[in-house]
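First the structure, in the form of structure tokens, and then the observations on it.
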Amino acid sequence: MKFAIIGAGMAGLACADAISAAGHSVTLYDKGRGPGGRLSTRRLHTILGEVMIDHGAQYFTVRDPAFKRLVDTWANVGIVAPWLPASADAWVGVPGMSAIVKQLASGHKVTWDHRVTGMVRKGTGWWLMSENAEDGPFDAVLLAIPAEQAAVILSLHDLSMARVALMARSQPCWAGMFVFDRPLDGMPSVIRDRGDLAWAARNNAKPGRPAPEAWTVQASPAWSSARLEYASGEIAELLLAILTEATGTAVPRPVMALAHRWRHALSAGTGDGALWNPDLRIGVCGDWLLGPRVECAWQSGQMLAQRCIGSDGIPGAASTQACGSFEVAGKLTSGFAGIDSEL
């Protein structure tokens, strides 16, 4: 059978892995220009040379045995490494967080820079609508995108799913990226929850990140919400001031300063895990259906795949696992600092 997955982040790619393993065809579409999403690493060209800064999820943790086996394979090929300053069980992508998504995407057909605006049923197949094209037909369509974006598409096809998405409102986060010509001496490599500052980290203290000195600063959801439509240049200046205030340390002028707005940064998780309509063959996965952790995004994608390939008329490794009744491990904290302190 032919599956289309809208969204090629952690959840969408985890879902694609399981569906492909069951012998089905999968095509993924993502509005981003390349792998990353909220596991993004920004490549900056500065007077000090090229610098790579993680400005989305800062790290991830591992609790699920199946996810641990996958992370062990990543560690063996050198694309992840432990990062103790964040926590005893924190891991990061190497040389950036986006390395994880790149590895997962490498085994799939992904169309990047492709914004799907809707979907329509024609006969027994689904067609995806974009600005300039229609793609299809597909036997099933799976959404692995933020709740706010999923709700728009689902509202025309499955009101119960759309209602779940509408209730799962996420919080925004402004993130700043700063490069300095000298180390910020006397400051810890990780700073959490100090006033308007939710998270700050010395990016070059992570494994596989050489000098120069580079910092990510993420504001609290409340601060970010109040300034959601500010210009990015103004936000960069304000985030630098927040870092100074939070640490009580005079911060030198950076050689480069940028800000990125994450509109859909942090969701508490609805507890549904994944959503699947076997009659229409529409499904939804994402961390917002389970919990605010990288691992939860992966689990949600795997759960949706199990539901799909266990459905009537879709061959595969049959599964009757319910996706609406389980406990979410982990504690939700205020930062966007990774989906584990995390997103």
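The values are calculated or read from the model by the stated rules, or taken from the named source; none is laboratory data. On a predicted model such as this, the values are computed, not experimentally measured, just so you know. Note: ideal-geometry Cβ built from the backbone for every residue, glycine included; neighbour counts use all protein chains shown.
In region 283-298, the residues that are modelled with pLDDT of 95 or more form Cβ pairs under 7 Å with partners that are assigned to a helix (DSSP H, G or I) and basic (Lys, Arg), at six or more places apart or across chains, as follows: Gly283/Arg307. Taken over region 16-36, residues that are in contact with a Gly (Cβ under 9 Å, 6 or more places away or on another chain), modelled with pLDDT under 95 and charged (D, E, K, R) amount to 1. Of all the listed residues (Val251, Val217, Val255), the sole one being of a type in the set (Val, Ile, Thr) and under 23 Å from Ala81 (Cα atoms) is Val217. Looking at Ser160, Ser224, which is the one that is surrounded by 21 or more Cβ atoms within 10 Å (Cβ to Cβ), out of contact with any helix residue (DSSP H, G or I) (no Cβ under 6 Å at 6 or more places or on another chain) and among the hydroxyl-bearing types (Ser, Thr, Tyr)? Within the list Ser160, Ser224, the selection yields Ser224. When region 21-33 is filtered for residues that are in contact with a strand residue (DSSP E or B) (Cβ under 9 Å, 6 or more places away or on another chain) and under 27 Å from Tyr59 (Cα atoms), the ones remaining, listed by number, are Leu28, Tyr29, Asp30, Lys31. Name the residues in region 5-58 that are surrounded by fewer than 17 Cβ atoms within 10 Å (Cβ to Cβ), free of Cβ contacts under 8 Å to residues at least 60 places away in the same chain and closer than 26 Å to Arg202 by Cβ, would you? Across region 5-58, the qualifying residues are Arg43, His45, Glu50. Number of residues in region 1-50 that are hydroxyl-bearing (Ser, Thr, Tyr) and farther than 25 Å from Trp126 by Cβ equals 3. In the set (1) of a type in the set (Phe, Trp, Tyr); (2) farther than 21 Å from Phe60 by Cα; (3) crowded, with 19+ Cβ neighbours inside 10 Å, Trp215 fails one condition alone, (2). Tell me, yes or no, whether region 252-271 has at least one residue that is without any contact (Cβ under 8 Å) to a residue 24 or more places away in the chain and within 30 Å of Leu154 (Cα to Cα). The answer is no; no qualifying residue exists. Within the span defined as region 56-71, every residue fails to be over 17 Å from the mean Cα position of the chain (by Cα) and of a type in the set (Phe, Trp, Tyr). Taken over region 104-148, the residue count meeting the criterion of being more than 30 Å from Ala268 (Cβ to Cβ) and in contact with a His (Cβ under 7 Å, 6 or more places away or on another chain) is 1. For first residues located in region 111-124 and part of a loop (DSSP other than H, G, I, E, B), partners that are loosely packed, with under 15 Cβ neighbours inside 10 Å and of a type in the set (Lys, Arg) and lie 6+ apart or on another chain with Cβ distances below 9 Å form the pairs Trp112/Arg33; Asp113/Arg33.
Condition check ((1) among the charged types (D, E, K, R); (2) surrounded by 15 or more Cβ atoms within 10 Å (Cβ to Cβ); (3) touching a Lys or Arg at 6+ places or on another chain (Cβ under 6 Å)) across all residues:
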site	(1), (2), (3)
Gly78	no, no, no
Val92	no, yes, yes
Ser98	no, yes, no
Gln103	no, yes, no
His108	no, yes, no
Arg115	yes, no, yes
Gly123	no, no, no
Trp127	no, yes, no
